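Report on one structure; see the data block that follows.
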Amino acid sequence: MTDDERRPTDWPDDRLVDAFVARASMRPTPADLAEASLERVRESSPRSTSRFDLRSIGALAAAAIVIAVGAIAIGQRPVEPANQPTMALGLPVVSVSEAIAIHDTDPTDREIAVRGYFSPALPLPCPAPDLRTSENPIRLDCPLMTQWLLENPERLVTRSSDSTAGRAPDGPAFHPVFPFIDMSAVSAAVRNDDPVELVVIGHFHDRRGDPDTALCGATAVANCDSFVVDGIHSVAGTRVASSTVIDLEPWPPEMRREPTWTPDDVDRLVTRAVPSFAILSRVALPGHRIRQLEPSLGTGALNIIDRPIAWVITGLDPSTSGGPPVRRTFLIVDGTAEAYETAPWDVEPNIGFVPFALVSLPLASPEPSGVAAEPITLDLVDLDGRHLSVEIVDESGLLVSAAPVPPGTPNDVPTPGNDVAVSQVADHANEIRLSWVGGVCDGPVRFTIRPDRRTIFQEAFPSAGDPGRVCIAIGIPRSLTLTFSEPAPASEVEIVKSSAPLSPAPSESPIVSTVVGEAITVGAAIEHRDNHLDDMEIAVKGWLVALAVECLGTPAPPVSPAEQHCGDGLVWLSEEPPTPVRRGLVQPEPPAFVLLIRPETYLQVAVQPGQPSEVIVLGHFDDHRAAQCPTDQVETCRRNFLVDALLDARQPSLDLNAIENLVLDPTLVTVARAADAERVATATLGGGSTVLAAFAVSGNSVAEFEPQAAEAKELASAAAVWIVRYLDVGIEERPVLKTKLMIDRPVGSLGRFVCFPTLDGLACRVATVN
């Protein structure tokens, strides 16, 4: 508002804004504002008297918000549309207006894929929510009523030096919510308040907004009738990975717990149960915070609030009737076989969840491998709070889970001095219980399950405590449960005692130390880049810093994976821990450099904006694909660091199963397996090379991963192409990442057409398969 001849005023814009903000802070928003606004919309709407219009629900509230934050924006900036997919994970992609029609005519919560333009919520001065009493993650509280998915690329926000203005959409639009969905790719793509094109997968009429459950308050229809996003399929035409959010910060005075499982472990567990399952999102939360995602469990139902960590996995399962895929959501207690699936409210026990059986579903091959999997570490706590670390090593390939038995649970515990007792868990043929009586000064214990599954080695290690302390002679009951993928008769299990010195874990991964040498510092890596620029594979130790900031790169789709672009966001490797600020993190101080993480990059740790972690990155400068960058960007691309593996600095390791099970396109069906492609790719090396990626893509998208593949029409026209990346020492006696591509065929003919990038172009030949 400014002075003019019609209505002089002494209230300039900045004074007016300050007045409204001050008044808003003193006078909270009426609890019935949303319902009253909705009722006024219903009464005035010429379309229908029996249902509301999604676009109109937020219009009145948004108009009121505009007054509070600044002048109404009147200009629009057109946004160029990106690629427009027609299908997303087996679902036809519909427009925003078509989605609104589905909402108005279909009362079910069926899953749909919607293409639209996302306009984020306005930065309003909203009251801080009380997470302990938060009603519902899909509730349209402040400022979500200003967050839209638009039919057209309307610009709803205008900023000036002293105000931010917003308005309601002109065209079809509705409010989306993203409960515990990773939004980093979206944040990186939003520029200058322009809406960004998204394809999202989700649903209306969410079960958590059902009026009969009262989970969303008395005004459930007005507050919780949003579009709930289960997964983001693409951002600005670029496919994004399924969402992973691991938020383990507890509410005081609870202790922070670390998960037993990784996201890859959870994925394998779920996809063993539902082989065709396409995961949209996975969330890990402390049990006592489960109400933030599943309010029906926040009162203590199923005792989830007493569990250390719970995983919630949502995805699509193709319909057995041949129809479109259906949404399924699973809740799994970390490190156990305890699992549940969402169910209609009228299904007993009327809490929206029913038990889901994971016990009979193996996590690994049913044939014993003879090779130990990653150890499982359990923390056994007795009634007096004393802790004992127990490590489980499975060499049988049949162990599904291991879990401590809560102290005080009745079981067959032997008398002090006896050996470990093995007993069958009642009514569970696949579960056995190991029980023993320990002492106050007991040290760590390791149980190794031999390949025959009938022999378990028991190793007891000395305590790391004060050797001079007095150990009181009292018996402490200890017990744990082992769950296998097949019947495990307790009578057939033999515990064999052995002794071994407690050897410290290696400080670095064997991959790091034996293939590329010990990890170097960030400063040393930068010196290597600046003085000896080449594509040698190196391991660099530092701090992973992901910044949730506006995209600063070029808006055009990259022509090469070696080019930095908006989809990367800003992910850095810093030599020193980053400096936290009030609203997250700032760009790290030198020495530091940007990391380019691609869809096929092996991730042992998740990239979480605002949550730095100490890592070891395995990768290289001077990637061979830099030659395909724009001419004026080739040298810049050569200096970019391509990450091939992102490892936890505390225990770096590569999981070959996770590498071989990477699926970038769930709709793609292949004849060969990743292991077959690996064998062909590394045949000339004797098959002993370190494989860092093995995945299949369609022929029409292979050039997105290897631009030179556009030169080979055989690859571009193939239904599926395997891409294998592996480390090779070569004649230069330095480790280099090599890439081979092959058309998907039966195993016997898989190697007939193998291509590999060179400086002179793509070389293709017929390979001999041993």
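Some notes on this structure:
- Fully extending the segment from LEU759 to ASP317, taken as 0.36 nm per residue of separation minus the present Cα-Cα distance, adds 154.8 nm.
- Given R0 = 35 Å, the distance between the Cβ atoms of HIS528 and ALA716 translates into a calculated FRET efficiency of 0.45.
- Length gained when the stretch VAL747-VAL663 is fully extended (0.36 nm per residue, less Cα-Cα span): 28.3 nm
- Net length gained if the chain between GLU635 and SER97 were fully extended (0.36 nm per residue, minus Cα distance): 189.1 nm
- Relative frequency of Cα-Cα separations exceeding 16 Å in region 240-287, percent: 47
- Distance (nanometres) between label positions extended 7 Å along Cα→Cβ at LEU383 and ASP104: 6.5
- Note on VAL354 and ASP452: the model spin-label points, each 7 Å out from Cα along the C-beta direction, lie 4.2 nm apart.
- Amide N of region 714-741 lying under 18 Å from the label point, which is placed 7 angstrom from the Cα of ASN700 along Cα→Cβ: 714-722
Bear in mind that the values in this text are calculations on the coordinates, not laboratory data. This one's a predicted model, so the numbers in the text were calculated from it and none came from an experiment. Note that each Cβ is placed from the backbone with ideal geometry, even for glycine, and that neighbours are counted across all protein chains shown.
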